[in-house]
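Colleague: Sending over a structure as structure tokens; questions will come in a sec.
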Amino acid sequence: MPFGKWADFDSCVADFMNQGKDKESATKICGGLQARLGKESFSWVGDIKPEKANMIRGKAIHPIKTCHPEDWETPLRVYLEEELQRSAPNLTGKPLFLDHLYRLNGKVTGAHYEDGAIEYTAELNDEQVLNLVRDGTIKHCSIDYNANFEQVNGFAPRGIQFKHLALLKDFEPGDPASSVEVWEAVIKRLKEAKMKEQAQPQEFIYYLVKDPAAFLEDRFSTTWIDKVNGVQAIYGRLRDNPESSQPMALLFMKANGWTLQGIQTWLHDHPQYAEPSAAGVQASPAPPSQGGLITEMKRLGEAVWTRARINDPEAPEQLEIAGEPSLDEVIAAVEDALSEINDAIDQVNANFQALQSQKTEALENQLTVTSDQKKALEEALKSAEEKIKALEKEKAELSKKLGEAVIEPGVSKITKDVVTLKNEIRRLLPERVPHSYGNDYYELWKNLRRLTQ
């Protein structure tokens, strides 16, 4: 799958390795670039055009670790990417619920693993709940399923068979990146953007990537690189390699607030679009500085680009482009940009690992405490039951010895001992059981309360 200027992911990795990066660093860089420049989410949906305003869509679950302290058997769940990819289709046709409690009039109409998550579309025939999605009251969802669990660094569900998809109103999501949105809102945003684009000529700031003389004159096209932020590219076919489509220039929409300084920063973060040197090394603009900014301002021009001028680069009012940077400056800029990207990715990974370690340690400590408490209460219950049985047996034996009107002195003492023991056990029991202790702890507490009444 092509992204950016590369035909596929392997081409991107090979390109950066040719620039001196090791395979691991090149893979990390290309992974980040592919996430930003790759295919649009929900591309699997195709050209679905819902006639009704009752369609919703979103992301159900990502590869993630979730904590469930109320579940003694699988308190830490690990959702593996390969398992989500395999199980995604069987979410199709499953019913919709509200907060896992109330069944709604709706179902999932399609599900697919794409862009790092199980994406779904669904039909919801409940206007009240649809309004809660529209106003943002409902913006997350959750899954319910049956599965076998494999113990890894936690418990990984295997063979997932989905039961339903729940829209969350009063509960927090296990996956905070899950989402729900009404499809009509998505279509409305796209239509508004398209109408705005067609309503008036677009003003751009023009950035030259390659010399236009290197391209075939009649093989140019435009494409969006970042439609949200207003960045387009003019692609063409190289004269010496007509099969290769390469960016000739970038167009930054002035309506999106682009300035020369902002373009400098964007180019620094997207080195694959900086102008390559004669030796084929990918250049990255240096960070803004007094000398660097002046040099870059010479390479950037401003013009009003109508659709006619985009299709005909030879139209009047050609931009004047000043001198090019030296090869040493280009190579230094590339190394600086790639080093910063690599360092940033490593820091994100380190922060993520530290956070997961803290969560796991806290959960293990909580499980240890609650397990000890449960064991102590079970021992107390067992001891109390044994004492009560012994006293009841002693009471029964004494009752056999009593006549109809004869009461031996020891009976009142036995009754008093039983009452004292029950009162002492009741005094040790808490008034209520916290929800996080789980059902087993609650049942134990309830039995002790019953025995001591």
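Colleague: Inspect the stretch 161-171 for any residue being within 23 Å of the chain's Cα centre (by Cα), at pLDDT 90 or above and more than 18 Å from residue 101 (Cα to Cα) and give the result as yes or no.
Modeller: Yes, the stretch 161-171 has at least one match.
Colleague: Further question: Search the stretch 102-133 for residues being at pLDDT below 90 and not in a strand (DSSP E or B), and hand back the single one that is farthest from the chain's Cα centre (by Cα).
Modeller: Looking at the filtered set, the residue picked out is 115.
The values are calculated or read from the model by the stated rules, or taken from the named source; none is laboratory data. Since this is a predicted model, take the numbers as computed values, not measurements.
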